[in-house]
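Enquirer: This is the structure I want to talk about, given as structure tokens.
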Amino acid sequence: MNTYVRSPLVLTKGKGSRVWDVEGHEYLDLFPGWGVSGLGYNHPWVMRAIRGQASRIIHVSNNYYHPLQWRAAKKLVDASFDGKVFFTNSGAEAVETAIKLTRRWGKGRYEIIVMERSFHGRTTGALSATGQTKYQEGFEPLLPGFIRVPWHDLEAVKAALTPKTCAILIEPIQGEGGVRVASAEFLQGLRALCDERQLLLIADEIQTGMGRTGKMFAYQHAEIEPDVMLLAKTLGGGFPIGAVIAKRAIADVLTPGTHATTYGGSPLGCACILAVFEVLEKEQVLKRVQQFHTLIMKRFSKLQQRLSIIREVRGKGLMIGIELTIDGRPIVEACRAKRLLINCTQENILRLLPAMTITKVQLERALFIFEQALVSAAKSAHQPAVSR
Ligand SMILES: Cc1ncc(COP(=O)(O)O)c(C=O)c1O
């Protein structure tokens, strides 16, 4: 179906931060698969896990046990907070699971406070939770019970509370909404409010999780714990798998027969999760993410002084947004012409989610191409580069 805005590019092969098109041209990718290939395309350890597991057993129905599901769940809980795990096949399915979990836990309370410009996916429940009308048009009536409040406004959250409020759903850093970082104070404020009013704090870490922001999960920057966390994208190292982690007492409201998914948590998917954890641990990925963050921010803040088209550079770890005063989409195309892939969201925010395994040489080359594209965009926007 004609649901995607496509770039004229046919990709056939990938390795690390590089992809090749059907004609054999090589591209550097600073936005691999919308964050799915967070460890790069075809990481050898993920490949090894897939090959090994595929030769043993690909799928086991959830009426039986298999050891990898238990091991993957244990890894997730050990890395986050004491809870239980439900495996899904995508991010949106994790959001749907969280909505059902919240409603059942709420015992009649069902309202979930969501943020303006949030993005939680395209299935009906996740779409209803998403704080952007443009994605919802034509799909009404939406699922009721989502109360939208301005981003980063604790008073607005408090004002939106009703006796039916049951949870607050937030991306610690809004991705699609423009790489907007929630401050530690704001997240701590939400946590305190949830404790005081007996609400669930649900962290959508589908884009920010698994090391992307320099910590395993972005909520950890604020030294708080959510009650429920949602993961997908990098979780499977390219293989489609998602997860919902919920504190034990909350998770236990879902009893046998209340929720299920046929494919969720397959041995193949769980083998991929275990391989992703292995890479994150053994290749010291979090350290690299922090180092590369510093390198990128240094270069962009220098560039920002020269180019008035750059309004702001923000983000954490390897999740970076460059907000422009002009349309960013032609810059994406200019970069593609130079064999560099990046993304633009909200029309004027260039978004980078490089593979956390990118090499320094690759990163510097990519940044060079990117900077050149920004400089020429500044020139043609009649806002010439000015040295200060
Ligand atoms: C924060 C967030 N939540 C949910 C989703 C939906 O995930 P999926 O596309 O796997 O359904 C996305 C996808 O971009 C996302 O970034």
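The values are calculated or read from the model by the stated rules, or taken from the named source; none is laboratory data. Remember, predicted model here, so these are calculated numbers, not experimental data. All Cβ positions, glycine included, derive from the backbone under ideal geometry; neighbour counts span all protein chains shown. All accessible areas refer to the heavy atoms of the entire protein, side chains included, with ligands and DNA or RNA removed. Shrake-Rupley method; radii C 1.70, N 1.55, O 1.52, S 1.80 Å.
Enquirer: How much mean residue ellipticity at 222 nm does the chain get from its helices, if each DSSP H run of length 4 or more adds -39500 (n - 2.57) and you divide by all residues, to the nearest 500 deg cm²/dmol? Display every interim value, and only then the final one.
Expert: Numbers: 12 runs with 145 residues, N = 388.
Roughly -11500 deg cm²/dmol at 222 nm, from the helical runs in the chain.
Enquirer: Measuring from centroid to centroid over Cα atoms, what is the spacing of region 99-129 and region 22-78 in Å?
Expert: One Cα centre to the other: 28 Å.
Enquirer: Regarding the chain, what is the average projected area of its C-alpha convex hull, in nm²? Spell out each step's value before the answer.
Expert: Working: hull surface 79.7 nm².
Average projection, Cα convex hull of the chain: 19.9 nm².
Enquirer: Now, a different point. Taking square-rooted eigenvalues a ≥ b ≥ c of the alpha carbon gyration tensor, is region 152-263 rounded, prolate or oblate, where a/c under 1.5 means rounded and, failing that, a/b exceeding b/c means prolate? Can you show the working numbers first?
Expert: On the way: a/c = 2.00, a/b = 1.13, b/c = 1.77.
Verdict is oblate for region 152-263.
Enquirer: Let me ask something else. Can you give me the relative contact order of region 117-168 as a percent, contacts being Cα pairs under 8 Å and 6 or more apart? The partial results should precede the final answer.
Expert: Values: 38 pairs, mean separation 12.5, N = 52.
This gives 24 percent for region 117-168.
Enquirer: Using a probe of 1.4 angstrom, how much of the accessible area of region 35-107 is carbon and sulfur, in percent?
Expert: 56 percent
Enquirer: Let me ask something else about it. Angle between the Cα long axis of helix 44-56 and the longest principal axis of the chain, 0 to 90 degrees, nearest 10?
Expert: Helix 44-56 sits at roughly 40 degrees to that axis.
Enquirer: What number comes out for accessible area per residue over the chain if the probe is 1.4 Å? Units Å², please. The partial results should precede the final answer.
Expert: On the way: 17790 Å² over 388 residues.
Per residue, the chain has 46 Å² of solvent-accessible surface.
Enquirer: Hey, what did region 282-388 get for relative contact order, percent, Cα under 8 Å, at least 6 apart? It would help to have the intermediate numbers written out before the result.
Expert: On the way: 135 pairs, mean separation 30.9, N = 107.
Relative contact order of region 282-388: 29 percent.
Enquirer: Measure nothing but the geometry: give the 0 to 90° angle between the long axis through the Cα atoms of 360-380 and the longest principal axis through the Cα atoms of the chain, rounded to 10°.
Expert: Between the helix axis and the principal axis of the chain, the angle is about 70 degrees.
Enquirer: Now a separate question. Quick one: with all protein chains in place, what share of the accessible area of region 228-287 is carbon or sulfur, to the nearest percent (1.4 Å probe)?
Expert: On the way: 1220 of 2150 Å².
About 57 percent, which is the carbon plus sulfur part of the accessible surface.
Enquirer: Let me know the charge dipole size of region 42-192 about its Cα centre in debye, to the nearest 20, where only the beta-carbon of Lys, Arg (+1) and Asp, Glu (-1) is charged. Could you put the intermediate results ahead of the total?
Expert: Details: 20 positive and 13 negative charges, 140 e Å.
Approximately 680 debye in magnitude.
Enquirer: To continue, here is another question. How big is region 276-358 along each principal axis, measuring the range of its Cα positions in Å and listing the largest first?
Expert: The Cα atoms of region 276-358 stretch 41, 25, 22 Å along the principal axes, largest first.
Enquirer: Could you tell me the distance between the Cα centroids of region 309-388 and region 162-181, to the nearest Å?
Expert: Rounded to whole Å, the Cα centres lie 26 Å apart.
Enquirer: Tell me which aspartates and glutamates have Cα within less than 14 Å of Lys298's Cα, excluding those fewer than 8 residues away on the same chain?
Expert: Glu312, Glu364, Glu371
Enquirer: Got the relative contact order for the chain handy, in percent, Cα pairs under 8 Å and 6 or more residues apart?
Expert: Working: 766 pairs, mean separation 86.4, N = 388.
In percent, rounded to a whole number, it is 22.
Enquirer: What's the longest uninterrupted piece of the chain once you rule out the GluC sites (Glu not before Pro) that are loop residues per DSSP with at most 11 other Cβ within 10 Å? Could the numbers behind the result be given before it?
Expert: Working: sites that count: Glu23, Glu137, Glu223, Glu347.
Value returned for the longest uninterrupted segment is 224-346.
Enquirer: May I ask you to list the chymotrypsin sites (Phe, Trp or Tyr not before Pro) in region 18-52 that are in a DSSP loop and have at most 13 other Cβ atoms within 10 Å of their Cβ?
Expert: Working: sites: Trp20, Tyr27, Trp34, Tyr41, Trp45; in loops: none.
Here no chymotrypsin sites (Phe, Trp or Tyr not before Pro) fit, given the DSSP loop and packing criteria.
Enquirer: Could you check how many percent of all C-alpha pairs in region 22-123 are farther apart than 23 Å? Walk me through the numbers on the way to the answer.
Expert: Working: 2634 of 5151 pairs.
The share of Cα pairs beyond 23 Å in region 22-123 comes to 51 percent.
Enquirer: I would also like to ask the following. So how do 268-274, 242-248 stack up, highest first, on mean other-Cβ count within 10 Å?
Expert: Per-residue Cβ counts within 10 Å, averaged per peptide and sorted highest first, yield 268-274, 242-248.
Enquirer: How big is the antiparallel share of DSSP beta bridges in the chain, given as a percent to the nearest 5? Numbers along the way, then the final one.
Expert: Details: 33 of 49 bridges.
So the antiparallel bridges in the chain amount to around 65 percent.
Enquirer: Using the Cα gyration tensor of region 202-297, with a ≥ b ≥ c the square roots of its eigenvalues, what is the shape: rounded (a/c below 1.5), prolate (a/b larger than b/c) or oblate (neither)?
Expert: On the way: a/c = 2.75, a/b = 1.51, b/c = 1.82.
Note, shape of region 202-297 comes out oblate.
Enquirer: Given Lys15/Lys74; Lys75/Lys158; Lys84/Lys134; Lys107/Lys316, which pairs have Cα atoms separated by over 32 Å? Walk me through the intermediate numbers first.
Expert: Numbers: Lys15/Lys74 29 Å; Lys75/Lys158 35 Å; Lys84/Lys134 35 Å; Lys107/Lys316 37 Å.
Distance filter (> 32 Å) returns Lys75/Lys158; Lys84/Lys134; Lys107/Lys316.
Enquirer: Counting only protein heavy atoms and a 1.4 Å probe, tell me what percentage of region 124-207's accessible area is made up of carbon and sulfur.
Expert: Ligands and nucleic acids excluded, carbon and sulfur reach 54 percent.
Enquirer: Using 5 Å bins from zero, what percent of all Cα-Cα pairs in region 235-388 falls into each bin?
Expert: P(r) for region 235-388, in whole percents per bin: 2, 8, 14, 16, 14, 12, 10, 9, 7, 5, 3, 1, 0, 0.
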